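Notes follow the structure.
The values are calculated or read from the model by the stated rules, or taken from the named source; none is laboratory data. Just so it is clear, the structure is predicted and the values come from calculations on it, not from any experiment. Glycine also receives a Cβ, built like all others from the backbone with ideal geometry; neighbour counts cover every protein chain displayed.
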Amino acid sequence: MGTELDEQRTVALDTLAKTADATELTKEELEAWLRALNDIRLWLGTLLDVTEEEAEVEPEDPPHMLYYALTALQAMVIDVLSGEG
């Protein structure tokens, strides 16, 4: 199972990298973006030791600002995939 998850992560990250400059994405590419963004956010959040309490605080340092920007981008992707965006 671990190898399969690693392969899925690699495909999602590759898709994000290859389509980063695209002006349109397919549903499959957007779903890959969602997986990649989630993996990056989880990695960065763990690295920064982000907690639930921090969600209410405005970030002041670039790493935390990036974390919250990724969170906002992930929310936009979810909205588009759910038909709300």
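At a glance:
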| quantity | calculated |
| --- | --- |
| Near pairs, Cβ below 7 angstrom, 6+ apart or cross-chain, from segment 49-74 (outside any loop (DSSP other than H, G, I, E, B)) to any residue that is at pLDDT 90 or above and polar (S, T, N, Q) | GLN74/ASN38 |
| Qualifying positions in segment 13-28 - of a type in the set (Asp, Glu) and assigned to a loop (DSSP other than H, G, I, E, B) | ASP21, GLU24 |
| Check on PRO59, surrounded by fewer than 15 Cβ atoms within 10 Å (Cβ to Cβ) and touching a helix residue (DSSP H, G or I) at 6+ places or on another chain (Cβ under 6 Å) | no |
| Residues within segment 1-28 that are farther than 21 Å from LEU70 by Cβ and surrounded by 11 or more Cβ atoms within 10 Å (Cβ to Cβ), tallied | 1 |
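Matching residues to (1) at pLDDT below 95; (2) not acidic (Asp, Glu):
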position	(1), (2)
THR15	no, yes
LYS18	no, yes
ASP21	no, no
GLU52	yes, no
PRO59	yes, yes
HIS64	yes, yes
ALA69	yes, yes
